[in-house]
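The structure appears below as structure tokens.
The values are calculated or read from the model by the stated rules, or taken from the named source; none is laboratory data. What you see is a predicted model, and the numbers here were worked out from it, not measured in a lab. Cβ: placed from backbone, ideal geometry, glycine included. Neighbour counts: every protein chain shown.
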Amino acid sequence: MAGKENAPGRLPGALLAFCVAVAVLLNPAVARAQADRDDPDYPAVRPGSALVFPQDFGAHPAYRTEWWYITGWLRDEAGKARGFQLTFFRVRTRIGEDNPSRFAPRQLVLAHAAVADAGHGRLRHAERSGRVFPGLVEAEEGRTSVRVEDWFLEGSADLMGEYRSRIEAEDFAFELEFHPDRPPVENGRGGFSQKAPDPLNASYYYSRPQLAVRGSLRVDGRDHAVEGRAWLDHEWSSEILPENARGWDWVGINLHDGGSLMGFQMRDANGNAIWGAGTVGDAQGATQTLGPETLRFTPLRHWRSPRTGIEYPVEWALELKDGCRFVIRPLLDDQELDSRASTGAIYWEGAVRLYAVEPTGEVHKEIGEGYLEMTGYAERLRM
């Protein structure tokens with residue numbers, strides 16, 4: 001962990017709580033075990049509860065988990081393309097809630113950041129974490145404003161206002177501005193995003209695709225002026241994954257024609273889909289919701305990590321019920337994110353390109369760029 005070891009927001013006295021909280025986010029088995037010990041005191045996610053902006057840009061501290069997730073592609077002054085990712089998690093631990101001390105770990109915030117550079121050969125990654133402490137580690141209500149020390153993501157209370165972020169890690173850094181050109185896209189039914197056949201497994205979920213990005217990126221000790229496109233997801237929930245779920249595959253793509261495509265599937269222990277959903281948008285921001293019978297993910301090519309031995313499907317076929325077919329290919333295979341030193345989670349999260357497939361089966365042309373996230377494959381390795 002970066003920063004001073006005894007800084008007020010850091011977690012030496014609550015490290016166990018922190019690790020459990022993050023495992024709840026990314027490890028279904030730990031999530032279920034933790035839920036068995038929790039009192040049912042988190043608010044439920046219910047259909048028909050309309051999202052309200054800008055209020056819902058901010059934190060929802062009563063809920064179990066929440067995250068703000070920005071991914072995108074950047075191009076420097078020489079035209080070189082790189083992917084980047086920034087995630088802030090907020091976790092309500094249910095620890096010390098009756099303790100009046102400002103140091104009680106009632107709420108935790110952690111951040112992951114990464115840069116995907118094909119020339120580097122593998123993902124550059126860094127992370128930070130801390131208990132909420134005013135001025136140091138925060139997740140504000142009413143507007144986007146989350147930070148862990150000098151890492152931050154913030155936005156205005158204006159519906160179409162810009163966002164800003166800054167990350168400083170050992171071998172990379174970026175300082176970026178993000179400008180929306182359309183209102184938030186509410187996924188699922190008005191922001192109620194179901195994750196399994198049982199509607200109790202759901203989150204509140206909106207996206208902001210096609211964010212115009214500009215700023216600076218430092219890699220290998222050199223600063224670059226960069227521009228590109230990004231995607232923001234904000235999601236919060238009190239629910240855990242269903243009993244038979246072992247992980248998920250999610251993709252968010254900014255299409256070159258100005259549209260957007262988000263899709264995900266939840267998988268069981270055998271890798272079979274138990275639920276799926278998505279949202280397709282056009283360049284004007286009009287959207288169509290995809291239900292569980294309208295999209296299908298099929299692995300095409302696998303890559304095995306030389307460090308962990310975990311095998312990930314790094315190329316996918318994605319087929320929509322209307323006959324549209326796509327291929328997802330990575331910027332580079334080695335985009336494994338290994339956070340065992342702090343959270344115990346190992347997953348794949350990386351920059352990908354989307355290609356259209358002709359009716360003949362021929363992969364035709366690149367039509368978009370975005371990010372793919374795959375969790376639960378470490379679970380399969382341990383089984």
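Values computed for the structure shown
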| quantity | calculated |
| --- | --- |
| Residue check for LEU318: touching a residue at least 24 places away in the same chain (Cβ under 8 Å), closer than 21 Å to GLY72 by Cα and under 19 Å from the mean Cα position of the chain (by Cα) | no |
| GLY309 vs. criteria in contact with a helix residue (DSSP H, G or I) (Cβ under 7 Å, 6 or more places away or on another chain), loosely packed, with under 13 Cβ neighbours inside 10 Å and not aliphatic (A, V, I, L, M) | yes |
| Condition check for ALA157: in a strand (DSSP E or B), of a type in the set (Gly, Ala, Ser) and over 30 Å from LEU290 (Cβ atoms) | no |
| Residue match in the range 344-351 (condition: part of a strand (DSSP E or B), within 18 Å of the chain's Cα centre (by Cα), more than 22 Å from ARG189 (Cα to Cα) and among the hydroxyl-bearing types (Ser, Thr, Tyr)) | yes |
| Hits in the range 80-91 - residues which are buried (at least 23 other Cβ atoms within 10 Å of the Cβ) and either at positive phi or among the basic types (Lys, Arg) (or both) | ARG82, ARG90 |
| SER216 being crowded, with 21+ Cβ neighbours inside 10 Å and of a type in the set (S, T, N, Q) | no |
| Output for the range 82-99, where each listed residue is outside any loop (DSSP other than H, G, I, E, B), over 9 Å from TRP67 (Cβ atoms) and polar (S, T, N, Q) | GLN85 |
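Table: residues versus (1) at pLDDT 95 or above; (2) surrounded by 21 or more Cβ atoms within 10 Å (Cβ to Cβ); (3) of a type in the set (A, V, I, L, M, F, W, C).
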{"site": "GLY135", "(1), (2), (3)": "no, no, no"}
{"site": "ASP150", "(1), (2), (3)": "yes, no, no"}
{"site": "GLU162", "(1), (2), (3)": "yes, no, no"}
{"site": "ILE167", "(1), (2), (3)": "yes, yes, yes"}
{"site": "PHE174", "(1), (2), (3)": "yes, yes, yes"}
{"site": "ASP181", "(1), (2), (3)": "yes, no, no"}
{"site": "ASN187", "(1), (2), (3)": "yes, yes, no"}
{"site": "TYR205", "(1), (2), (3)": "yes, yes, no"}
{"site": "LEU211", "(1), (2), (3)": "yes, yes, yes"}
